[in-house]
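Novice: Following this message is one structure expressed as structure tokens.
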Amino acid sequence: MAGTESIVLGGGCFWCLDALYRRVKGVTNVTSGYAGGESGKPSYWDLHSPGNTHAEVVQVTFDSRQIDLHTILGIFWAMHDPTTLNKQMYDEGPEYRSIILFNSKEQKKVIDQSIEDTAKELWSKPITTEIKPLEEFWPAEDYHQDYFNKNPEQGYCQVIINPKLAKFKHKFSHLLK
């Protein structure tokens, strides 16, 4: 479809980014999954095992006629801490690292510009986000898809995701569906 683009982002637990991007105008699909590592198709349990090199990520598909990649990345930089290596809040390990996996040279240019004019403005410490071409994306198991909307009363959703959603709604109200 003309105008459809996707990018793969990791910023801690994929349930958080999934919940945020599902609420953004112009985002047509969000899929939680695994990417950025060296081994074949991982499972959730592989991801949380010693020697794992993949990250929890979301594949964000959007209509670039409604929202551009720079705005998608602006949300990314604002809604997680890209200065902590392999850690987001209580989630720790390489599977929770900050990572952007791009699909083209054009996307890489937008990412580089976004780091300079958005990420570095928001964060005073060095950005540790790993940036590399997307080699393979594996969708996570079905129970991880749209997790927050299916499990809003679950403890992690209440304690971690709800405050992020409140921050998101306040900061990016103009982008809400």
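Novice: Looking at Ile115, Ile131 in this structure, which one is free of Cβ contacts under 8 Å to residues at least 60 places away in the same chain, part of a strand (DSSP E or B) and either surrounded by 14 or more Cβ atoms within 10 Å (Cβ to Cβ) or in contact with a Phe, Trp or Tyr (Cβ under 9 Å, 6 or more places away or on another chain) (or both)?
Specialist: When all the criteria are applied, what remains is Ile131.
Novice: When residues of segment 138-157 are filtered for being assigned to a helix (DSSP H, G or I) and either within 18 Å of Arg23 (Cα to Cα) or touching a helix residue (DSSP H, G or I) at 6+ places or on another chain (Cβ under 9 Å) (or both), how many remain?
Specialist: The total comes to 8.
Novice: Condition first: within 15 Å of Asp18 (Cα to Cα), polar (S, T, N, Q) and outside any loop (DSSP other than H, G, I, E, B). Can you find one or more residues in segment 90-111 that meet it?
Specialist: yes
Novice: Applying the selection to segment 1-35, what residues are in contact (Cβ under 8 Å) with a residue 60 or more places away in the chain and aromatic (Phe, Trp, Tyr)?
Specialist: Within segment 1-35, Phe14, Trp15, Tyr34 meet the criteria.
Novice: Of all residues being more than 11 Å from the chain's Cα centre (by Cα) and among the charged types (D, E, K, R) in segment 14-42, which is nearest to Glu130 (Cα to Cα)? Just the residue, please.
Specialist: So, considering only residues that are more than 11 Å from the chain's Cα centre (by Cα) and among the charged types (D, E, K, R), the one nearest to Glu130 (Cα to Cα) is Glu38.
Novice: Could you give me the residue pairs with C-beta distances under 7 Å whose first residue belongs to segment 137-165 and is on the phi > 0 side of the Ramachandran plot, whose second residue is in a helix (DSSP H, G or I) and modelled with pLDDT of 95 or more wherever it lies, and which are 6+ apart or on separate chains?
Specialist: Asp146/Asp18
Novice: Shifting gears a bit: Which numbered condition in (1) of a type in the set (Ser, Thr, Tyr); (2) over 22 Å from Trp138 (Cα atoms); (3) buried (at least 18 other Cβ atoms within 10 Å of the Cβ) is the only one that Tyr96 fails?
Specialist: (2)
Novice: Could you please let me know if Ile160 is of a type in the set (A, V, I, L, M), over 26 Å from Gly51 (Cα atoms), in a helix (DSSP H, G or I) and modelled with pLDDT of 95 or more?
Specialist: No, not satisfied.
Novice: Select from segment 61-110 the residues that are among the β-branched types (Val, Ile, Thr) and under 24 Å from Cys157 (Cβ atoms) and write down the one among them that is modelled with the lowest pLDDT.
Specialist: The residue in question is Thr84.
The values are calculated or read from the model by the stated rules, or taken from the named source; none is laboratory data. Since the model is a prediction, treat every value here as computed from it, not as a measurement. Neighbour counts run over all protein chains shown; Cβ positions are idealised from the backbone, glycine included.
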